[in-house]
1. Within the set of pairs 6+ apart or on separate chains, which have a first residue in region 192-207 that is in contact (Cβ under 8 Å) with a residue 40 or more places away in the chain, a second that is outside any helix (DSSP H, G or I) and of a type outside the set (S, T, N, Q), and C-beta atoms under 6 Å apart?
2. Just to verify a result, which residue in region 194-224, among those that are part of a loop (DSSP other than H, G, I, E, B) and within 20 Å of the chain's Cα centre (by Cα), is farthest from GLY18 (Cα to Cα)?
3. Hey, does region 71-82 have a residue that's more than 18 Å from CYS231 (Cα to Cα), out of contact with any His (no Cβ under 9 Å at 6 or more places or on another chain) and part of a loop (DSSP other than H, G, I, E, B)?
4. Against the condition closer than 22 Å to VAL191 by Cα and either modelled with pLDDT of 95 or more or not charged (D, E, K, R) (or both), how does ALA3 come out, does it pass?
5. Kindly indicate whether ARG112 is at pLDDT 95 or above, under 21 Å from VAL165 (Cβ atoms) and basic (Lys, Arg).
6. Specify which of the listed residues (VAL186, VAL141, VAL227) is under 15 Å from GLY20 (Cα atoms), touching a Cys at 6+ places or on another chain (Cβ under 7 Å) and either in a helix (DSSP H, G or I) or modelled with pLDDT of 95 or more (or both).
7. Within region 83-130, restricting attention to residues that are in a loop (DSSP other than H, G, I, E, B) and in contact with a Cys (Cβ under 9 Å, 6 or more places away or on another chain), which residue is surrounded by the most Cβ atoms within 10 Å (Cβ to Cβ)?
8. Residues of region 25-43 being part of a helix (DSSP H, G or I), crowded, with 24+ Cβ neighbours inside 10 Å and either free of Cβ contacts under 8 Å to residues at least 40 places away in the same chain or out of contact with any Phe, Trp or Tyr (no Cβ under 9 Å at 6 or more places or on another chain) (or both), which ones?
Amino acid sequence: MNASFDSRVALVTGGASGIGRATAIAFAQRGAAVVVADANVRDGAETARYIDSHCGAQSLYIEVDVTDAASVQRMIGATLERFGRLDYAFNNAGVPDRAASLRVSTQENWDRVMSVNLAGVWQCMKAELDHMLKAGGGAIVNNSSRSGLVGIPSDGVYGAAKHGVIGLTKAAAIEFASRGIRVNAVCPGLVETALTRARFGDELAARAESANPLGRMAQPEEIAEAVVWLCSDAASFVVGVALPVDGGATAR
């Protein structure tokens with residue numbers, strides 16, 4: 001996808017690794033200045049350094065806790081102080097569900113997943129929308145999941161949060177489209193990241209073969225391409241969509 005984002009600024013939460021890192025790099029490769037926001041200082045700063053040295057774009061790393069409103073406001077403030085604008089936001093920060101079944105899920109697990117994966121998206125959207133409304137427009141993409149579209153037995157709490165992300169996305173899309181802000185979501189299937197390798201271990205290869213009609217996992221860069229497209233002018237009439245990027249898994 002050859003869209004140009006020259007003179008634009010993109011914010012990526014969870015930008016230190018996986019889908020977030022790939023998306024931050026994809027924005028930078030197309031000319032955007034990129035804010036890499038993540039709680040992981042080491043990997044977040046490394047992603048920003050990579051963009052500086054390999055992509056010919058400006059970058060800024062910001063440490064953020066998306067569950068904390070003050071931290072999110074500082075993130076937006078630092079973005080505006082450095083670059084003076086915010087055109088695109090990819091709300092991607094998330095954590096996995098530690099429980100294999102709803103029956104054994106704990107209150108701690110529920111609170112952790114919901115606070116990051118759902119409330120964190122809400123906190124970021126509020127802050128991003130405040131600025132974009134003043135600026136006259138922008139584009140927001142939220143990272144949901146295939147688990148946000150269909151029921152998956154091992155993903156009860158995670159799926160509940162990701163269904164919620166789609167609800168937030170659609171409500172915001174309807175409310176703010178007339179103000180020049182497009183809000184959409186991506187819904188990845190199984191993606192080859194450190195998190196999926198840690199979660200599934202030796203089962204990962206078998207899961208990949210049966211995950212979708214393509215018979216493989218997605219690479220983070222494939223999800224990044226969808227995010228960049230949704231932010232681009234090529235998707236100017238795309239509003240309120242929860243876009244599956246899952247190799248056809250939800251089409252079954």
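1. Cβ pairs passing all conditions: LEU195/PRO96; ARG199/PRO96.
2. Step one: list which residues in region 194-224 are part of a loop (DSSP other than H, G, I, E, B), which gives 211-217, 219.
Within this subset, residues satisfying the condition of being within 20 Å of the chain's Cα centre (by Cα) are 217, 219.
Numbers: MET217: 13, GLN219: 9 Å.
Step by step, filter region 194-224, then rank; the result is MET217.
3. No - not one qualifying residue is present in region 71-82.
4. Values: closer than 22 Å to VAL191 by Cα: no; either modelled with pLDDT of 95 or more or not charged (D, E, K, R) (or both): yes.
No, not satisfied.
5. Spelling it out, ARG112 is indeed at pLDDT 95 or above, under 21 Å from VAL165 (Cβ atoms) and basic (Lys, Arg).
6. Values: VAL186 fails: touching a Cys at 6+ places or on another chain (Cβ under 7 Å); VAL227 fails: touching a Cys at 6+ places or on another chain (Cβ under 7 Å).
The unique qualifying residue is VAL141.
7. Taking region 83-130 first, the residues in a loop (DSSP other than H, G, I, E, B) are 84-87, 92-101, 105-106, 118.
Those left that are additionally in contact with a Cys (Cβ under 9 Å, 6 or more places away or on another chain): 87, 93.
Numbers: ASP87: 21, ALA93: 24.
My answer is ALA93.
8. Within region 25-43, ALA26, ALA28 meet the criteria.
The values are calculated or read from the model by the stated rules, or taken from the named source; none is laboratory data. In this text, all values refer to a predicted model and were calculated from it rather than measured experimentally. Note that we place each Cβ from the backbone using ideal geometry, even for glycine, and neighbour counts take in every protein chain shown.
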